[in-house]
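Only the coordinates and a few stated rules stand behind these numbers; no lab work does. Because the structure is a prediction, the values reported are computed rather than measured. When we count neighbours, we look across all protein chains shown, and the Cβ atoms used for this are built from the backbone with ideal geometry, even at glycine.
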Amino acid sequence: MTTAELLLQDFDSEMSNTRRTLERVPEDKPDYKPHKKSMPMGRLAMHCATLPLFGQYLIEDEGMDIAAPKHPHPDLSFKSREECLKQFDESAAKCRAALAAATDAQLAAPWRFSWGEQLISNDSRSLSYRRMFLNHLIHHVAQLGVYFRFNDVPVPALYGPSADEQWSPK
């Protein structure tokens, strides 16, 4: 099994979890924040919806200098759940295609992440992909679950049962 095939197993599972979570974002509470330092729920949902683009860039670009980005920042304003899901489906499809086409050599190569001359990391592309995209996305999807709990939105069963839903392996 190739590295891409292994990563695709996690990718498919996490994209399913992310979509199921985004399907529950309430349209009437885009500005809700559980704390003054928290990101508003609508913006957080859009961040989750567009994060797969970063996964795509990790796979396809030679590196990233966030002081001089090659790609525009996605619009994180929440307009509707439908628009959020559309953005997610498009972003996830692009990331999945990039990952499916990646070779072992490409995924083993270093991926330079910097802020101008300041090196942030230069780990393998596969490690950078897991840390900076996949784990990052999982973290934010879990945050949405907390926002849901505070707003009486049923929390989806993602890795086991939630207080609102039984879990069954897909």
Checklist entry - Which Rg and Dmax, in Å, describe the Cα atoms of segment 13-55? => result 11.1, 32
Item to check | Listed residues ARG20, ARG130, ARG149, most fluctuating in the chain (Gaussian network, C-alpha, under 10 Å) | outcome: ARG149
Checklist entry - Given the chain reduced to its alpha-carbon atoms as identical point scatterers, what log10 I(q)/I(0) does the Debye formula return at q = 0.17 Å⁻¹? => result -1.07
Item to check | Under 23 Å, Cα to Cα: Lys pairs in the chain, sequence gap 8 or more or different chains | outcome: 11
Checklist outcome for this item: The size of the Cβ-based charge dipole (Lys, Arg +1; Asp, Glu -1) of segment 6-137 about the Cα centre, to the nearest 20 debye, is 480 debye
Checklist entry - Per the helix-only calculation at 222 nm, which mean residue ellipticity applies to the chain, given -39500 (n - 2.57) for every DSSP H run of n ≥ 4 and division by its residues, nearest 500 deg cm²/dmol? => result -16500 deg cm²/dmol
Checklist entry - Which value in nm describes the separation of the simple spin-label points at ASP152 and TRP167, placed 7 Å from the Cα toward the beta carbon? => result 2.7 nm
Checklist entry - In nm, to one decimal, how far is the modelled label at SER121 from the one at SER77, with both set 7 Å along Cα→Cβ? => result 3.2 nm
Next on the checklist: Pick from ILE138, ILE59, ILE120 the residue whose mean-square fluctuation is largest in a GNM of the chain, springs joining Cα atoms under 10 Å.
Outcome noted: ILE120
Item to check | Prolate/oblate/rounded call for segment 19-99, Cα gyration tensor, a/c under 1.5 rounded | outcome: oblate
Checklist outcome for this item: MET15 neighbourhood, Cβ < 10 Å, K/R = +1, D/E = -1, net charge -1
Next on the checklist: Positive end of the dipole of the chain, charges at C-beta (+1 Lys, Arg; -1 Asp, Glu), about the Cα centre: which of SER168, PRO72, HIS35 has its Cα farthest in that direction?
Outcome noted: HIS35
Checklist entry - Relative contact order, percent, of the chain when contacts are C-alpha pairs under 8 Å separated by at least 6 residues? => result 28 percent
Item to check | Folded to 0 to 90 degrees: helix 135-150 orientation relative to the chain principal axis, Cα | outcome: 10 degrees
Checklist entry - What dipole magnitude, in Debye to the nearest 20, does segment 78-170 give about its Cα centre under +1 on Lys/Arg Cβ and -1 on Asp/Glu Cβ? => result 180 debye
Next on the checklist: Run the simple label-point estimate for LYS37 and ALA68 please: 7 Å along Cα→C-beta, distance reported in nm.
Outcome noted: 3.4 nm
